[in-house]
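Undergrad: The structure under discussion is supplied below as structure tokens; questions concerning it will follow.
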Amino acid sequence: EYIEICDFVLENCPNATIHLQLVPFSPIVRYTVINQRIQEAYEHYQALGQERVMLIDTCTAIGNNLIPDKVHLDDVGRENWYLALLAHARENNLER
């Protein structure tokens, strides 16, 4: 499904870049399955030489910084997520 969605965006939005993000660790969300599928989609595009699909490892950056519902980010998780996005932008010359 990720590949279908990305293919649609790549085809219909020629100036778009897709930034796939890994989801945070959570005992409630099946994050390992989701992250595996996201990683596989990213690797699919890497094998094709498609540079318009990028991966951000926000899962590692966020860590276990979630509110008690174990799904949503706490203050530290949100800050770490934001910093991971900034680092990704810098590393890929995406800052404006």
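Undergrad: What accessible area per residue comes out for the chain, rounded to a whole number of Å², with a 1.4 Å probe?
TA: Per residue, the chain has an accessible area of 69 Å².
Undergrad: Now a separate question. Once every DSSP H run of n ≥ 4 in the chain is given -39500 (n - 2.57) and the sum is divided by its residues, what mean residue ellipticity at 222 nm do you get, rounded to the nearest 500 deg cm²/dmol?
TA: Roughly -16500 deg cm²/dmol at 222 nm, from the helical runs in the chain.
Undergrad: For the chain, which GluC sites (Glu not before Pro) are in a loop by DSSP, counting at most 16 other Cβ atoms within 10 Å?
TA: E1, E51, E95
Undergrad: Now for a separate question. Mind checking the angle between helix 31-47 and the chain's longest principal axis? C-alpha axes, 0 to 90 degrees, to the nearest 10.
TA: Between helix and principal axis, roughly 20 degrees.
Undergrad: Please provide three numbers in whole Å: the alpha-carbon extents of the chain along the principal axes, with the largest listed first.
TA: Projected onto its principal axes, the Cα set of the chain covers 40, 32, 21 Å.
Undergrad: Oh, and also: Carbon and sulfur together cover what percent of the accessible area of the chain at a 1.4 Å probe radius?
TA: It is 53 percent, rounded to a whole number.
Undergrad: So what is the relative contact order of the chain, in percent, for Cα pairs below 8 Å that sit 6 or more residues apart?
TA: It rounds to 26 percent for the chain.
Undergrad: Then there's this: For the chain, set up a Gaussian network in which alpha carbons nearer than 10 Å are linked by springs, and say which option among N15, N65, N80 fluctuates the most.
TA: N15
Undergrad: Using the Cα centre of the chain as the reference point, and only Cβ charges (+1 on K/R, -1 on D/E), how large is the resulting charge dipole? Debye, rounded to the nearest 20.
TA: The calculated dipole for the chain is roughly 160 debye.
Undergrad: Express in nm, to one decimal, how much length is gained between I67 and V33 on full extension, taking 0.36 nm for each residue of separation and deducting their alpha carbon distance.
TA: Once the chain is fully extended between I67 and V33, it gains 10.1 nm.
The values are calculated or read from the model by the stated rules, or taken from the named source; none is laboratory data. Small disclaimer: the values here were computed from a predicted structure and weren't measured. Heads up, the Cβs are rebuilt from the backbone with ideal geometry, glycines too, and the neighbour counts pull from every protein chain shown. The area values use the complete protein model at the heavy-atom level, side chains included, leaving out ligands, DNA and RNA. Shrake-Rupley method; radii C 1.70, N 1.55, O 1.52, S 1.80 Å.
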